[in-house]
Amino acid sequence: MRRHIDGIRIAALPLVAVTALMVVWNWFPDPTALPEPKLLFLNGKSFLTPIRLLQFLALIAVFSAMYGVFAPHVPWLTEFLSSLGRNSLNVFCVASVLSLVGQIIRYRYAGSVIVDTLVLFVGISLLWVTATVSEWRERQKSQV
Amino acid sequence: MPRQANAVDFWRGFALVSIFVNHIPGIWFERLTHRNFSISDSAELFVFLAGWSLGLLVSSRSAATNSALLVFRLGGRAVTIYAAQILISSIALALLASAAYAFDNPLILEWHNAAAIFQEPALTHIGLVLLSHHLGYFDILPLYVVLMLTAPAIAMLDRFARPVLLPFSFALYFAALMVPFTARTWPVEGQWFFNPFTWQTMFVLGFVLSRNIG
């Protein structure tokens, strides 16, 4: 499959472009007008309907190439995101809790752009702290 | 030493940041995440990369030589994820209760499907432990637990009957779409936000593609 990846990317590009327009302009068919079984034709997250599955595969075919751009040219971003990814369960747990904290803060302070920026900056910083502490712990364990 | 930066960790980090932002509805930066231009969002990426990571683990030298060790490791991972789900759900409930008291607003206790836990705690706590009751935005780890519980079967099918794995996964996927069926929630009547019978296909695709490309 690796040998054919360029051809797959070219084939996937129109699907990514058309579905992007569908999302931006909300071009989705009326669910009541769809034939049975409707889940084969709907856009539904809970059931991961075929259109989502296909569009996702097209999306990763196209955008997986971007890592080769980021890695040499934006090394700090590559290292930052990779450190989150290496510690994904810990970071996911902290992110889940922090996003609820963010919701509560936005509820209390009525969500201005300044509050939103602070929530984002502090939240992402804490995700980085979580990844860094997780890796420090792993290093300590490996030395014992 | 942590492993060097690589594409899988990079995209998983990307998914984690997107999930964090998307789980704060209304935040200004929500309009910048890729779901505004894409039908699929970070949940698909997260599950796909979980399957991809499983594929890399299964093809590692230690796992390749010892099936029993592999099954033990995958089972242990499922338990770890289960524990994480219980922990973050408990913290979330405490946060909601704290906010309700601090702002003198009992309606906060009803956010994110939490009402049943405060109004009918006996049954709903059983549901939390059985993973049949999920808080809103805290519903992807139960799927991940199920996927990791099935991971030993996926790994063994891959090892001993590889041509069967993907057709079986797609057969289950289309059956769940056409019948349709999903996992039910309890004690609040409803269904899992992430249908494990369909989302398993994303996990298996990540697994299979990692074995062919990774």
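The values are calculated or read from the model by the stated rules, or taken from the named source; none is laboratory data. Keep in mind the model is a prediction, meaning the values are calculated, not measured. So basically every Cβ, Gly included, is an ideal-geometry build from the backbone, and we count neighbours across all protein chains shown.
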Checklist outcome for this item: Residues of the range A:101-116 being assigned to a helix (DSSP H, G or I) and more than 7 Å from chain B (Cβ to nearest Cβ), in sequence order, are A:ILE105, A:TYR107, A:TYR109, A:ILE114, A:VAL115
Checklist entry - Name the residues in the range B:76-94 that are among the aliphatic types (A, V, I, L, M) and touching a Phe, Trp or Tyr at 6+ places or on another chain (Cβ under 9 Å), would you? => result B:ALA78, B:ILE81, B:ALA84, B:ILE88, B:ALA92, B:LEU93
Next on the checklist: If A:ARG86 meets every condition in (1) under 30 Å from B:TYR173 (Cα atoms); (2) facing another protein chain (nearest Cβ under 9 Å); (3) free of Cβ contacts under 8 Å to residues at least 12 places away in the same chain apart from one, which number is that one?
Outcome noted: (3)
Item to check | Tally of residues being in a helix (DSSP H, G or I) and either under 18 Å from B:LEU141 (Cα atoms) or of a type in the set (Val, Ile, Thr) (or both) across the range B:116-131 | outcome: 7
Checklist outcome for this item: All-but-one check, B:LEU57 against (1) under 26 Å from A:LEU118 (Cβ atoms); (2) away from every other protein chain (no Cβ under 11 Å), failing number (1)
Checklist entry - So which helices (runs of 4 or more DSSP H) are wholly in the range B:1-115 and hold at least 1 residues that are over 22 Å from the mean Cα position of the chain (by Cα)? => result B:61-65, B:67-102
Next on the checklist: Among (1) within 13 Å of chain A (Cβ to nearest Cβ); (2) at negative phi, there is one condition B:LEU123 misses while meeting the rest; what is its number?
Outcome noted: (1)
Next on the checklist: Pairs needed: first member in the range B:1-27, closer than 19 Å to A:LEU126 by Cβ and more than 7 Å from chain A (Cβ to nearest Cβ); second member anywhere, among the hydroxyl-bearing types (Ser, Thr, Tyr) and crowded, with 24+ Cβ neighbours inside 10 Å; C-beta distance under 7 Å; at least 6 residues apart or different chains.
Outcome noted: B:ALA15/B:SER42; B:SER18/B:SER42; B:ASN22/B:SER42
Checklist entry - If you go through the range A:89-97 one residue at a time, do you hit one that is out of contact with any Phe, Trp or Tyr (no Cβ under 8 Å at 6 or more places or on another chain) and either of a type in the set (Asp, Glu) or modelled with pLDDT under 95 (or both)? => result no
Checklist entry - Where in the range B:140-214 are the helices (runs of 4 or more DSSP H), entirely inside, with at least 2 residues that are in contact with a Gly (Cβ under 8 Å, 6 or more places away or on another chain) and modelled with pLDDT of 95 or more? => result B:140-160, B:196-212
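Among the residues in the range A:7-22, are any of a type outside the set (A, V, I, L, M, F, W, C) and modelled with pLDDT under 95?
Initial filter on the range A:7-22 (of a type outside the set (A, V, I, L, M, F, W, C)): A:7, A:9, A:14, A:19.
Okay, now just the ones that are also modelled with pLDDT under 95, so A:7, A:9.
For the range A:7-22, residues of a type outside the set (A, V, I, L, M, F, W, C) and modelled with pLDDT under 95: present.
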Item to check | Unmet criterion (only one of (1) at the interface with chain B (Cβ under 7 Å from one of its Cβ atoms); (2) surrounded by 19 or more Cβ atoms within 10 Å (Cβ to Cβ)) for A:VAL16 | outcome: (1)
Checklist entry - Can you tell which of B:ALA153, B:ALA116, B:ALA100 is touching a residue at least 60 places away in the same chain (Cβ under 8 Å), over 18 Å from B:ALA43 (Cβ atoms) and not β-branched (Val, Ile, Thr)? => result B:ALA116
Next on the checklist: Looking for something crowded, with 22+ Cβ neighbours inside 10 Å and free of Cβ contacts under 8 Å to residues at least 60 places away in the same chain - is there at least one such residue anywhere in the range A:61-77?
Outcome noted: no
